Amino acid sequence: MLGNLTKTTLYAALLLTFGSSAALAQVGSLQGEVTDGSKPVVGAQLLIERIDIPGEYKVKSKKKGRWFHAGLPLGTYNVTLEIEGKQMDKLMGVKVGIGDNPPINFDIAEARAREEAARAAAAAGQAQQATQKQIASMSAEERKQYEETLKKNQEKISKNKELNDAFNNGMTAKNMGDFDSAIGSFQKAAELDPEQHVIWAQLADVQVAAADKKAGDERSQLLEQAASSYGKAIEIAPDNASYYNNRGLAMIKAGKADEGKAELAKAAEMDPVNGGRYYYNLGAVMINSGDTDGAIEAFKNATAKDPNYAAAYYQLGTALVGKAQTKEDGSVVPVEGTVESFQKYLELEPTGSMAESAKMMIQTLTGSVDTSFVDPNAKKKK
């Protein structure tokens with residue numbers, strides 16, 4: 001007679017077998033896009049420098065300007081964008097946690113605009129000093145026009161500086177984990193220029209991060225605000241799939257699972273290349289919220305969107321373990337697809353960071369290790 005096996009009991013039994021391999025999983029990854037306005041940039045060099053412990057990693061942007069580097073030790077990094085050996089932009093104090101981390105996107109057009117604004121501000125100051133010598137010779141009307149123009153330029157320069165300061169202060173606070181201060185800075189930046197989708201997206205990111213440290217009504221309110229901020233970013237940049245993905249995850253955390261899944265489905269439809277990653281993120285949120293069935297569905301969708309997504313197969317197998325049963329003699333009876341998921345992971349990443357864990361899982365569940373993958377839906381020969 002079979003009985004349901006609780007997660008706690010099963011995991012405790014399995015940890016005795018593969019607990020020693022847990023340290024192998026203590027790595028993370030960074031990813032993002034490099035664009036020049038709306039145009040993707042291929043071949044850009046990303047220099048990833050670890051600052052808490054010396055370490056250097058490099059990767060280049062590929063198709064559609066996307067870049068990805070896995071296997072990064074947990075820690076703090078500076079990420080520098082270089083084009084033909086010239087530094088174009090830099091983000092400092094990036095935290096790398098376990099698994100996937102928030103995307104780091106570089107827009108060369110934005111970096112160029114910041115540089116030009118700085119030069120213009122300097123040039124305006126020099127022009128003002130030079131013009132003082134000519135003021136005495138101006139007519140009353142010329143002096144009036146000059147003063148009005150000067151005032152407008154000063155207001156514009158002051159606003160740009162205030163905007164840049166607010167945004168940079170927000171990024172610094174975010175990288176330091178001071179999410180409450182980051183929220184205030186990004187809100188100020190959004191008030192100064194509400195047409196910048198990047199500002200709204202950064203505001204939403206820190207609202208979600210702050211919500212993760214709160215509870216009750218305060219947590220719910222922050223998640224609602226985050227969904228609204230992502231909505232503002234989407235209004236300005238409706239073709240950015242990552243915003244739909246992030247908004248969907250925030251909604252799911254707020255308890256609006258159906259609405260969140262719909263946003264993730266939009267993201268996967270808009271950006272099929274990263275569709276697997278969007279569903280993988282959904283699966284992770286479902287696991288953290290205790291929704292095993294939802295996680296299983298999400299990881300299955302991730303593997304359907306990207307049949308070579310090794311990590312999704314591993315997480316699918318882990319989620320399916322919770323559905324296993326035991327006989328009276330204590331032997332484990334996994335549900336269909338559990339062992340096959342671990343086998344597929346090993347087929348794709350035979351020396352991956354979770355390879356030993358996958359092998360031990362298979363051995364625990366079946367008594368042997370077979371790294372070949374058999375499609376359970378394939379037609380069987382008579």
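The condition (being under 27 Å from VAL273 (Cβ atoms) and in contact (Cβ under 8 Å) with a residue 60 or more places away in the chain) is satisfied by just one residue among VAL198, VAL208: VAL198. The helices (runs of 4 or more DSSP H) falling completely within region 244-363 that include 1 or more residues that are basic (Lys, Arg) and under 20 Å from LEU223 (Cα atoms) map to 257-270. Would you say LYS62 is out of contact with any Leu (no Cβ under 9 Å at 6 or more places or on another chain), loosely packed, with under 14 Cβ neighbours inside 10 Å, modelled with pLDDT of 75 or more and not acidic (Asp, Glu)? No; evaluated as a whole, the condition is false for this residue.
Restricting the search to region 53-103, which residues are more than 15 Å from the chain's Cα centre (by Cα), basic (Lys, Arg) and either in a strand (DSSP E or B) or closer than 23 Å to LYS174 by Cα (or both)? Matches in region 53-103: LYS58, LYS60, LYS86, LYS90. Against the condition over 29 Å from SER29 (Cβ atoms), out of contact with any strand residue (DSSP E or B) (no Cβ under 6 Å at 6 or more places or on another chain) and either surrounded by fewer than 15 Cβ atoms within 10 Å (Cβ to Cβ) or at pLDDT 85 or above (or both), how does SER357 come out, does it pass? No: the conditions fail for SER357.
Within region 269-285, being farther than 17 Å from SER29 by Cα and surrounded by fewer than 23 Cβ atoms within 10 Å (Cβ to Cβ) holds for GLU269, MET270, ASP271, PRO272, VAL273, VAL285.
In region 178-194, which residue that is assigned to a loop (DSSP other than H, G, I, E, B) and surrounded by 14 or more Cβ atoms within 10 Å (Cβ to Cβ) is modelled with the lowest pLDDT? Looking at residues that are assigned to a loop (DSSP other than H, G, I, E, B) and surrounded by 14 or more Cβ atoms within 10 Å (Cβ to Cβ), I get ASP193. Taken over region 319-341, the residue count meeting the criterion of being among the polar types (S, T, N, Q), touching a strand residue (DSSP E or B) at 6+ places or on another chain (Cβ under 7 Å) and under 24 Å from MET286 (Cα atoms) is 1.
The values are calculated or read from the model by the stated rules, or taken from the named source; none is laboratory data. Only a predicted model underlies this, so the values are computations on that prediction, with no experimental measurement involved. Neighbour counts run over all protein chains shown; Cβ positions are idealised from the backbone, glycine included.
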